[in-house]
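Undergrad: This is the structure, below, for whatever I ask next.
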Amino acid sequence: MEELSFFVGVIGNVVSVLVFLSPVGTFWRIIKHGSTEDFESVPYVCTLLNSCLWTYYGITKPGAYLVATVNGFGIVAEAVYVVLFLVYAPRKTKVKTGILVGIIDVGFLAAAILVTRLALEGESRIDAIGFMCAGLNIIMYGSPLAAMKTVVSSKSVEYMPFFLSFSLFLNGGIWAFYAFLEHDIFLGVPNGIGFLLGTAQLILYAIYSNNPRPSNHSISQGLLEQGLQK
């Protein structure tokens with residue numbers, strides 16, 4: 001069972017690296033156009049925090065080094081994305097992103113590490129970190145849900161890349177299986193949800209992938225309508 005768990009974990013590492021690299025196409029487009037267009041920085045800021053917390057979890061929990069290694073890579077990748085976003089975003093968005101980084105990636109992370117190191121120990125510390133990781137993962141699934149809503153309203157998959165959707169599906173499935181083998185509920189619950197959301201995104205992609213791309217005005221109008229409905 002340990003050998004199977006290790007093998008699945010290694011596959012999970014490979015797939016997760018591909019997931020972390022999946023926005024490369026998006027940022028290449030941003031660099032070419034010299035603008036972040038309608039893309040939001042929040043998913044990258046939150047994923048950076050998520051990678052930091054999962055790395056901390058993997059370091060703290062005995063035998064969870066496979067979780068730490070891949071999320072260590074994630075920290076580097078997401079940090080690069082955030083920096084590029086700060087370079088190419090409009091001034092107002094830069095300020096917003098900078099504030100989010102300071103509050104979420106610096107303030108919250110520092111507080112989480114200090115509290116768990118000073119106030120907790122042993123299994124209590126591991127459980128507290130695990131709850132934070134799983135909770136953040138679940139909250140972050142608001143981003144795929146928002147992307148799915150945009151696809152339905154605009155009838156276009158332009159802002160929901162296929163590779164990202166497929167990676168969410170594959171990554172969630174593999175890590176959920178790994179969590180089952182390791183009896184790790186903190187890994188299992190969020191990745192199980194990710195697997196289901198990835199499946200739903202692939203279904204939407206199959207439905208709308210042949211539709212013509214909408215004009216920028218149509219996309220902007222769809223995004224505006226979403227904002228008004230919140």
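Undergrad: Go through the range 50-77 and count every residue that is closer than 13 Å to Ile129 by Cβ and part of a helix (DSSP H, G or I).
TA: Selection size over the range 50-77: 13.
Undergrad: What pairs can you find where one residue is in the range 102-116 and closer than 15 Å to Ser51 by Cα, the other is open to solvent by 40 Å² or more (accessible area, probe 1.4 Å) and in a helix (DSSP H, G or I), and their Cβ atoms are less than 8 Å apart, with a gap of 6+ or different chains?
TA: Correct list of pairs: Ala112/Met132.
Residue-wise test of (1) of a type in the set (D, E, K, R); (2) out of contact with any Gly (no Cβ under 6 Å at 6 or more places or on another chain); (3) within 30 Å of Ala176 (Cα to Cα).
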position	(1), (2), (3)
Gly58	no, yes, yes
Leu66	no, no, yes
Glu78	yes, yes, yes
Val87	no, yes, no
Pro90	no, yes, no
Thr93	no, yes, no
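Undergrad: If you don't mind, another one. Residue check: is Glu123 modelled with pLDDT of 80 or more and of a type in the set (D, E, K, R)? I'd like the intermediate steps shown before the answer.
TA: On the way: modelled with pLDDT of 80 or more: yes; of a type in the set (D, E, K, R): yes.
For Glu123, the condition - modelled with pLDDT of 80 or more and of a type in the set (D, E, K, R) - is met.
Undergrad: Residue under question is Arg125, and the condition is that it be closer than 19 Å to Leu187 by Cβ and either outside any helix (DSSP H, G or I) or basic (Lys, Arg) (or both); does it hold?
TA: Details: closer than 19 Å to Leu187 by Cβ: yes; either outside any helix (DSSP H, G or I) or basic (Lys, Arg) (or both): yes.
Criteria met by Arg125.
Undergrad: For the range 29-49, how many residues are buried (at least 20 other Cβ atoms within 10 Å of the Cβ) and not in a helix (DSSP H, G or I)?
TA: 2
Undergrad: Is it true that Ala68 is open to solvent by 20 Å² or more (accessible area, probe 1.4 Å), farther than 19 Å from Ile138 by Cβ and either touching a Lys or Arg at 6+ places or on another chain (Cβ under 7 Å) or aliphatic (A, V, I, L, M) (or both)?
TA: Values: open to solvent by 20 Å² or more (accessible area, probe 1.4 Å): no; farther than 19 Å from Ile138 by Cβ: yes; either touching a Lys or Arg at 6+ places or on another chain (Cβ under 7 Å) or aliphatic (A, V, I, L, M) (or both): yes.
Spelling it out, it is not the case that Ala68 is open to solvent by 20 Å² or more (accessible area, probe 1.4 Å), farther than 19 Å from Ile138 by Cβ and either touching a Lys or Arg at 6+ places or on another chain (Cβ under 7 Å) or aliphatic (A, V, I, L, M) (or both).
Undergrad: Give the residues of the range 167-185 that are under 23 Å from Leu21 (Cα atoms) and either polar (S, T, N, Q) or open to solvent by 80 Å² or more (accessible area, probe 1.4 Å) (or both), sorted by residue number.
TA: Ser167, Asn171, Phe177
Undergrad: May I ask you to verify whether Gly130 is touching a helix residue (DSSP H, G or I) at 6+ places or on another chain (Cβ under 8 Å), surrounded by 20 or more Cβ atoms within 10 Å (Cβ to Cβ) and assigned to a helix (DSSP H, G or I)? Break it down stepwise before answering.
TA: On the way: touching a helix residue (DSSP H, G or I) at 6+ places or on another chain (Cβ under 8 Å): yes; surrounded by 20 or more Cβ atoms within 10 Å (Cβ to Cβ): yes; assigned to a helix (DSSP H, G or I): yes.
Yes; evaluated as a whole, the condition is true for this residue.
Undergrad: Continuing with the same structure: Could you list, in sequence order, the residues of the range 86-114 that are touching a helix residue (DSSP H, G or I) at 6+ places or on another chain (Cβ under 8 Å) and open to solvent by 50 Å² or more (accessible area, probe 1.4 Å)?
TA: Leu86, Tyr88, Lys94, Phe108, Ile113
Undergrad: Follow-up. Return the pair list, or none, for Cβ contacts closer than 8 Å from residues in the range 32-47 that are under 12 Å from Val82 (Cβ atoms) to residues that are among the aliphatic types (A, V, I, L, M) and not in a helix (DSSP H, G or I), at least 6 apart or on different chains.
TA: If the second residue must be among the aliphatic types (A, V, I, L, M) and not in a helix (DSSP H, G or I), the pairs left are Thr36/Ala89; Ser41/Ala89.
Undergrad: Here are some residues: Tyr56, Tyr141. Which one is among the hydroxyl-bearing types (Ser, Thr, Tyr), surrounded by 12 or more Cβ atoms within 10 Å (Cβ to Cβ) and touching a Leu at 6+ places or on another chain (Cβ under 8 Å)?
TA: Details: Tyr56 fails: touching a Leu at 6+ places or on another chain (Cβ under 8 Å).
Of the residues listed, the single one that is among the hydroxyl-bearing types (Ser, Thr, Tyr), surrounded by 12 or more Cβ atoms within 10 Å (Cβ to Cβ) and touching a Leu at 6+ places or on another chain (Cβ under 8 Å) is Tyr141.
The values are calculated or read from the model by the stated rules, or taken from the named source; none is laboratory data. Treat the numbers as computed from the prediction; the structure is a model and nothing was measured. Every residue, glycine among them, receives a Cβ derived from its backbone with ideal geometry; neighbour counts consider all protein chains shown. In case anyone asks, the SASA skips ligands and DNA or RNA and just uses the protein heavy atoms, side chains included. Shrake-Rupley method; radii C 1.70, N 1.55, O 1.52, S 1.80 Å.
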